[in-house]
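To start, the structure itself, in structure tokens.
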Amino acid sequence: MCRQIKEWGRLPITSSVIVLQDRFKADQVVDCLTNGASDYISGPHFSDERVLLARLHVAVRGYHLAPDDRTVDSDTPLVVGPLTINAITFRVTVADHGDVLLTKLQFHLLSRLARRPGRVFLHDELRHFISQFGGGNPTDQTIKSHMSNLRKRLGPAGGMIKTIRGVGYVLQA
């Protein structure tokens with residue numbers, strides 16, 4: 001499985017594979033870790049939920065976004081439907097409605113969605129993305145609030161941001 005994930009190529013976030021096994025088998029541990037698994041957790045660690053959660057936390061701590069997914073970083077403004085996003089001037093314009101004032105985090109969230117219109121961004125991805133911009137440790141409710149505020153700021157273009165219930169958000173042109 002680890003070999004297959006490597007063959008899939010570039011993923012939007014660095015993937016971690018954590019193998020959960022009921023018994024410790026040294027040969028399996030070596031094989032899994034050699035072929036790309038981030039961790040191997042065996043039976044005794046399942047008995048205490050805190051140990052399992054701590055190890056999972058360590059594994060996802062290393063997640064990072066691919067460099068070209070971080071934000072708009074080009075001299076050329078990004079245009080998606082009626083939205084124009086300029087990374088140089090940190091300016092967002094909605095056609096026929098003018099400039100939109102956004103917070104730094106809102107600008108980066110919109111930029112992230114706009115770089116891949118039509119792609120669903122999972123809650124976990126957005127949670128990590130928001131934490132990179134000083135958003136602390138956001139919950140699903142925090143993400144919902146950020147998206148709601150962003151939609152309001154975008155006015156008529158706010159409807160381009162769609163909620164995929166229980167999954168995440170997508171910008172549809």
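The values are calculated or read from the model by the stated rules, or taken from the named source; none is laboratory data. Computed from a predicted model, the values in this text were never measured in an experiment. Backbone-built Cβ (ideal geometry, glycine too); neighbour counts: all protein chains shown. Side chains are part of the model used for accessible areas, which takes the heavy atoms of the whole protein and leaves out ligands, DNA and RNA. Shrake-Rupley method; radii C 1.70, N 1.55, O 1.52, S 1.80 Å.
Quick notes
- Selection of the range 126-144 for residues being closer than 15 Å to L171 by Cα and open to solvent by 70 Å² or more (accessible area, probe 1.4 Å) yields only K144.
- Each residue in the range 145-161 was checked for being of a type in the set (D, E, K, R) and surrounded by fewer than 15 Cβ atoms within 10 Å (Cβ to Cβ), and 1 pass.
- Entirely in the range 86-173, the helices (runs of 4 or more DSSP H) that have 3 or more residues that are at pLDDT 90 or above and on the phi < 0 side of the Ramachandran plot: 104-115, 140-154
- Any hit, the range 54-71, residues being open to solvent by 30 Å² or more (accessible area, probe 1.4 Å), modelled with pLDDT of 75 or more and farther than 22 Å from F133 by Cβ: no
- Residues that are open to solvent by 30 Å² or more (accessible area, probe 1.4 Å) and of a type outside the set (V, I, T), drawn from the range 106-120: R115, R116, P117, G118, R119
- Selection count, the range 123-168, where residues are in contact (Cβ under 8 Å) with a residue 40 or more places away in the chain and under 23 Å from D99 (Cα atoms): 10
- Cβ separations smaller than 6 Å between residues 6+ apart or across chains give the following pairs from the range 89-110 residues that are without any contact (Cβ under 8 Å) to a residue 40 or more places away in the chain and more than 10 Å from A157 (Cα to Cα) to residues that are open to solvent by 90 Å² or more (accessible area, probe 1.4 Å) and not in a strand (DSSP E or B): F107/F90.
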